[in-house]
Amino acid sequence: MPDMVDIAAGLFVAEPQPALIGGQHRETGRIVFPRPDGNADYEPVPLPRRGTLWSWTVQRFRPKSPPYAGPEEFTPFAVGYVELPGAVIVEAPFTDVAFEELKIGMEMETVLVRLNVDAQGRTIRSFAFAPVREG
């Protein structure tokens with residue numbers, strides 16, 4: 001998609017499939033997300049694309065801005081934590097799922113979503129998690 005910018009550099013890759021980029025501590029091996037910006041102690045590491053829904057809630061009011069960078073017209077959304085196996089638990093919004101379908105333990109996968117449009121008319125892209133739908 002032309003005229004698209006990521007919400008922040010180095011958070012994710014789009015190809016070959018969307019995946020988050022964490023930081024692995026060079027000495028301890030501990031993985032964090034997001035990777036600490038400008039900290040040479042952490043090297044970039046791709047995180048697993050799929051994980052397990054750990055906990056969630058529904059955001060029913062527009063968050064304080066900043067840091068919220070979503071559209072001015074607010075629509076409630078589900079947000080929560082997904083445990084990426086062997087790596088880290090990541091907080092993110094959920095997409096392509098009705099609130100009543102969310103169940104602790106369900107399999108989720110990383111997807112890229114349109115968040116907003118900036119002052120230059122570019123689409124701002126971010127990440128979210130969506131239920132894995134086989135078939």
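The values are calculated or read from the model by the stated rules, or taken from the named source; none is laboratory data. Everything quoted here is computed from the prediction, not taken from an experiment. Heads up, the Cβs are rebuilt from the backbone with ideal geometry, glycines too, and the neighbour counts pull from every protein chain shown. Protein only, heavy atoms only, side chains kept; ligands, DNA and RNA dropped before computing areas. Shrake-Rupley method; radii C 1.70, N 1.55, O 1.52, S 1.80 Å.
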For a quick check of understanding: with a 1.4 angstrom probe and all protein chains in place, what accessible area in square angstrom does V58 have, to the nearest ten?
30 Å²
May I ask you to compute the full-extension gain from S65 to Q17, defined as 0.36 nm times their residue separation minus their alpha-carbon distance, rounded to one decimal in nm?
14.2 nm
Give the distance, in whole Å, between the Cα centre of the stretch 77-99 and the Cα centre of the stretch 6-46.
17 Å
Given backbone amide H placed at 1.01 Å from N, residues whose amide H is under 5 Å from that of M108, ignoring those fewer than 5 places away on the same chain, are G51, T52, L53, V132
Accessible area (Å², per residue) of the stretch 57-135, counting only protein heavy atoms and a probe of 1.4 Å:
60 Å²
So which chymotrypsin sites (Phe, Trp or Tyr not before Pro) in the stretch 44-135 end up in coil per DSSP with only 14 or fewer other C-beta atoms within 10 Å?
F61, Y68, F74
Using the basic label-point model (7 angstrom from Cα toward the beta carbon), what is the R114 to E43 distance in nanometres?
3.9 nm
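Hey, got a sec? Which trypsin sites (Lys or Arg not before Pro) in the stretch 67-135 land in a DSSP loop and have at most 12 other Cβ atoms within 10 Å?
K103, R133
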In sequence order, what are the phi-derived ³J(HN,Hα) couplings for the stretch 101-109 according to the Karplus relation 6.51 cos²θ - 1.76 cosθ + 1.60 with θ = phi - 60°, rounded to whole Hz, with x for glycine and proline?
7, 5, 9, 3, x, 5, 7, 10, 9
Report ³J(HN,Hα) in whole Hz for each residue of the stretch 7-20, in order, from the Karplus equation J = 6.51 cos²θ - 1.76 cosθ + 1.60 where θ = phi - 60°; Gly and Pro get x.
4, 7, 6, x, 7, 7, 10, 9, 10, x, 9, x, 8, 7
Got a number for carbon plus sulfur as a percent of the chain's accessible area, 1.4 Å probe?
51 percent
With only alpha-carbon pairs counted, each pair once and no self-pairs, how large is the Kirkwood hydrodynamic radius of the stretch 11-126 in angstroms?
15.6 Å
What is the set of long-range amide H partners of V113 at a cut-off below 5 Å, with H atoms built 1.01 Å from backbone N?
S126, F127, A128
